[in-house]
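**Q** Attaching a single structure in structure tokens format; questions to follow.
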Amino acid sequence: MALRHTAIKQHPHRPIVASQLSSSSEFESNISIMVDRQFPHQLRRRRGTYFLRSVCDRCSNIRIAVVVRLSLVVLLMGVAVLTGVIRWPGAGHSNRFNLLLSQDHKANELLQALYELNLPSSREELTALNQELATLDPWFILQWAHHVIANSQHNNHLRQNKNQQIHPIVQVTSFGPTGLVILHVLSQLHLFNEVPVITLDTLHLFKESYAFYNTVKQHPVFDGIELTITKPIDENHIGGARSFKTRDEFDEMYGGLWKTDPKRYTKLTKLDPLERLLRQWEVKMWITGRRRSQGGERSNLEVLEFENFEALGVEDTNPFDSSKGRWKLNPLAFWTYDQVWIYIRKQTIPYNPLYDQGYTSLGDEMTTRLPNQDLHNNESFERSGRFVGLNQTECGLHSHRERISAKKKQALVAGTEWKVPTLSCNKCIDLDVGNFEQFIRSGDTDVLLEFFSPYCGGCQEFAPTMARLADHLSSGADPLKIARFDITEHNPPLIDNKNVFEVEVTPTLYRIKYSPFFVELYEGEHDFGPILEWLGKL
């Protein structure tokens, strides 16, 4: 497939959405602007003549043009109401956003042009398609995704096997703010009957989260939703895996696993149940609420990704075959946290009441806290209250390097700039492969050494703590040197041809002492107090 559409070079990072417009007149005038902005260059040529505007353009008198425009709008709306094409507020799923777009010829023509874009078959095509999708509002993205998946060969198979429960496209959500916006758009597009919704119950959520399940099922905003709730897997059950039904039942077998082996806990409660359902339903694409503004490895997130079941070579000739993985769609990838909440409040979408208590991201009750206020101006702030006490914000080195390498190559193919996040630490000594060994061998003052990657979400979250440690420890009667080494592309250099530093995840901290020389790995929580206590500086 060769993409026939050229992307806009400067896409709107804050797209116009209905919730951000203060009045109906402002909404009507800006909806055309939004569609104009969202026509990629080649798509714009296909839109044809917009009838309403062409009539007004022929009017020499401005007042006559306004009257004609408004009259035509009223006429079209009246005809639509009489024929049942649209419904007034209070008659179900209608709202101004959906109503006006349905009457806007340019929007319809944009959709028709988008429907000509198939799923990519190469990484170059994926990059080009993402450049197109990055310019579009989620309203268009979700319709395109549904169209391209629903009309695939897989859906033809679905029609031939009507008795089987097969769903080629689904939404997976924990009912966070972004997920609620996506749910609302799906509802407005009347797609719930074709896009089932999956949520993952770990059996350890807040009581408010469980109560919100019922809100979602019963609220008219989500009328028609098909909600499926997964439960943790009992992998030791005789006769095959089964699902736990209660928290007590799970804790009786795996109590404390969330703290002693958080990766296995996540596998049992989230990864395995989700993967089993996705395979059972033969899902080809799942929709997520991830956004770039959430920081960490999401900072370079694209709208469309392909998630491989196993690691594949970069030169794979057919990298997106359905037997090798499935598509992941992030329709709000370029939205900010504030934009999401503006939309929710303007559209009066119900949400978990815990957000009114200051929470910004919700997970399990025992590992979720209020966000870290020290990170308030940092992109990691939104998720800083998650996985507390688990060190779960660490990045596995091997998988982290693979993802960064793949994204760099995509940027190179696309000819776009690859941005390196800046983790400020004024009193840190930045080491590299050229000066690392000399610095370690010639030291006469104890060193606190960090191995990090600027792309790692855990490192970004830890950066303010590291800077605070550097300020605190580099002065006083018994100062320490504070150093760090970016491990994104290089392993720790050898010291006297010996592998002194083992690094499996980032961030990793070592203490280096002299007279005699020895190094000590830190294995505690990445917080200011515990680290000072470990160093004997409290």
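The values are calculated or read from the model by the stated rules, or taken from the named source; none is laboratory data. What you see is a predicted model, and the numbers here were worked out from it, not measured in a lab. Virtual Cβ from ideal backbone geometry, glycine too; neighbours counted across all protein chains shown. In case anyone asks, the SASA skips ligands and DNA or RNA and just uses the protein heavy atoms, side chains included. Shrake-Rupley method; radii C 1.70, N 1.55, O 1.52, S 1.80 Å.
**Q** Calculate, for segment 165-320, the solvent-accessible area per residue in square angstrom, rolling a 1.4 angstrom probe over the heavy atoms of the protein chains.
**A** Result: 45 Å² of accessible area for each residue.
**Q** Under a point spin-label approximation (7 Å from Cα along Cα-to-Cβ), what is the residue 217-residue 260 distance to one decimal in nm?
**A** Distance between the two pseudo-spin positions: 3.4 nm.
**Q** So, one more: Do any trypsin sites (Lys or Arg not before Pro) in segment 223-284 lie in a loop, going by DSSP, with at most 12 other beta-carbon atoms within 10 Å of their beta carbon, and if so which?
**A** When the trypsin sites (Lys or Arg not before Pro) of segment 223-284 are filtered for loop state and at most 12 Cβ neighbours within 10 Å, 245 remain.
**Q** At 1.4 Å probe size, with no ligands or nucleic acids counted, give the accessible surface of residue 348 in Å², nearest ten.
**A** For residue 348, solvent-accessible area is about 100 Å².
**Q** For residue 444 and residue 357, calculate 0.36 nm times their separation in residues minus their Cα-Cα distance, and state this gained length in nm to one decimal.
**A** 26.4 nm
**Q** On to the next question. What is the set of long-range amide H partners of residue 495 at a cut-off below 5 Å, with H atoms built 1.01 Å from backbone N?
**A** It is 500, by chain and number.
**Q** Could I ask something else about it? Assuming R0 = 30 Å, can you tell me the calculated FRET efficiency for the pair residue 275 and residue 318, based on Cβ-Cβ distance, to the nearest 0.05?
**A** After rounding, the FRET efficiency stands at 0.85.
**Q** Please compute the length gained on full extension between residue 491 and residue 521, using 0.36 nm multiplied by the number of residues separating them and subtracting their Cα-Cα distance.
**A** 9.2 nm
**Q** What are the lysines whose alpha-carbon lies under 26 Å from the alpha-carbon of residue 498, with same-chain residues fewer than 8 places away excluded?
**A** Here the lysines satisfying the reach criterion relative to residue 498 are 481, 513.
**Q** OK, next. Longer than 28 Å from Cα to Cα, which of 207/263; 419/537; 284/408; 231/324; 263/328 are they? Say none if no pair is.
**A** The answer is 419/537.
**Q** I've got another one for you. Below 11 angstrom from the Cβ of residue 468, what's the summed charge of the other residues (Lys, Arg +1; Asp, Glu -1)?
**A** -2
**Q** Given the Cα atoms of segment 482-534, and with Rh set as the inverse mean 1/r over their pairs in the Kirkwood sense, what is Rg to Rh to two decimals?
**A** Value, to two decimals: 0.97.
**Q** Right, another one. In Å², and per residue, what accessible area does segment 433-498 have when probed at 1.4 Å with the other protein chains present?
**A** Working: 2850 Å² over 66 residues.
The answer is 43 Å² per residue.
**Q** Take residue 413 and residue 532, extend 7 Å from each Cα along the Cα→Cβ direction, and tell me the distance between the two endpoints in nm.
**A** My value for the distance between the label points is 4.9 nm.
**Q** Given 0.36 nm per residue, what is the gain on full extension from residue 502 to residue 468 after removing their alpha carbon distance, in nm?
**A** Between residue 502 and residue 468, full extension yields 9.8 nm more.
**Q** I'd like the distance separating the alpha-carbon centroids of segment 265-297 and segment 441-511, in whole Å.
**A** Going from one Cα centre to the other spans 33 Å.
**Q** Could you give me the ³J(HN,Hα) list for segment 118-126, computed from phi with Karplus coefficients 6.51, -1.76, 1.60 and θ = phi - 60°, whole Hz, x at Gly and Pro?
**A** 8, 5, x, 10, 9, 5, 5, 5, 5
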